[in-house]
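Notes follow once the structure below has been shown.
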Amino acid sequence: MSLLLQILLAFGTLSLLAIGGANAVLPEMHRLLVEVHGWMDDATFSQLFALAQAAPGPNILAASVMGWHIAGPAGLVAATIGMLLPA
């Protein structure tokens with residue numbers, strides 16, 4: 001399975017669980033991105049989340065920044081669509 005499809009499915013699944021916004025699924029997002037897929041380590045996850053929270057805008061930026069780190073601009077689009085489309 002391609003990396004972009006994996007990102008889309010991972011964030012799409014999180015979207016269905018995200019009652020209360022993107023921050024509500026942060027622990028599950030960490031588990032998927034760090035422990036299950038190994039796309040980043042704990043420190044990188046924390047730094048990207050802090051960056052997303054420091055930027056003005058919606059909390060969905062956390063998913064977008066994570067996708068950008070994993071696969072560049074295409075990953076950003078896949079993660080954002082994954083978080084927005086299913087909900």
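Just one of (i) 64; (ii) 44; (iii) 73 is percent of Cα pairs over 16 Å apart as worked out from the coordinates here. Which one is it?
Among (i) 64; (ii) 44; (iii) 73, the one derived from this structure is (ii).
Sum -39500 (n - 2.57) across every DSSP H segment of at least 4 residues in the chain, then divide by the residue count to get the 222 nm mean residue ellipticity, nearest 500. Kindly include the intermediate steps, with their values, before the conclusion.
Working: 4 runs with 57 residues, N = 87.
Here the helix-only value at 222 nm equals -21000 deg cm²/dmol.
What residue among Gly72, Gly57, Gly12 has the largest mean-square fluctuation in a Gaussian network model of the chain, using Cα springs under 10 Å?
Highest fluctuation among the options: Gly57.
What is region 20-87's relative contact order, in percent, from Cα pairs under 8 angstrom and six or more apart in sequence?
Details: 60 pairs, mean separation 15.4, N = 68.
Contact order relative to length: 23 percent.
Could you derive backbone 3J(HN,Hα) for region 80-87 from the dihedral phi with the Karplus parameters 6.51, -1.76 and 1.60 (θ = phi - 60°), listing whole Hz in sequence and x where the residue is Gly or Pro?
Computed from phi, the couplings for region 80-87 are 5, 5, x, 6, 8, 5, x, 6 Hz.
Just to confirm, what accessible area per residue do you get for the chain at 1.4 Å probe, in whole Å²? Could the numbers behind the result be given before it?
Values: 4630 Å² over 87 residues.
Per-residue accessible area for the chain comes out at 53 Å².
³J(HN,Hα) across region 16-27 via Karplus (A = 6.51, B = -1.76, C = 1.60, θ = phi - 60°), whole Hz, x for Gly/Pro?
Those phi angles translate into 5, 9, 7, 7, x, x, 5, 5, 5, 9, 4, x Hz.
Go through region 30-42 residue by residue and turn each phi into a ³J(HN,Hα) via Karplus (6.51, -1.76, 1.60, θ = phi - 60°); whole Hz please, and just put x for glycine and proline.
Each residue's phi maps through the Karplus curve to give 4, 4, 5, 6, 9, 8, 7, 8, x, 6, 7, 9, 4 Hz.
I'd like the distance between the alpha-carbon centres of region 20-40 and region 58-80, rounded to an integer number of Å.
Their Cα centres are 13 Å away from one another.
What residue among Ile19, Ile70, Ile60 has the largest mean-square fluctuation in a Gaussian network model of the chain, using Cα springs under 10 Å?
Largest GNM mean-square fluctuation: Ile19.
I'd like the accessible area for Val36, computed on protein heavy atoms only with a 1.4 Å probe and all protein chains in place. Round to 10 Å², please.
Accessible area of Val36: about 80 Å².
May I ask you to give the percent of accessible area on region 10-59 that is carbon plus sulfur, with a probe radius of 1.4 Å? Show your work: numbers first, answer last.
Numbers: 1650 of 2750 Å².
Carbon and sulfur together cover 60 percent of it.
With only alpha-carbon atoms in the gyration tensor, what are the semi-axes of the equivalent ellipsoid for region 1-51, in Å, largest first? If you can, show how the numbers build up before the last one.
Details: eigenvalues 54, 52, 15 Å².
So the equivalent ellipsoid measures 16, 16, 9 Å along its semi-axes.
The values are calculated or read from the model by the stated rules, or taken from the named source; none is laboratory data. Because the structure is a prediction, the values reported are computed rather than measured. Please note that ligands, DNA and RNA were not included when accessible areas were found on the heavy atoms of the full protein model with its side chains. Shrake-Rupley method; radii C 1.70, N 1.55, O 1.52, S 1.80 Å.
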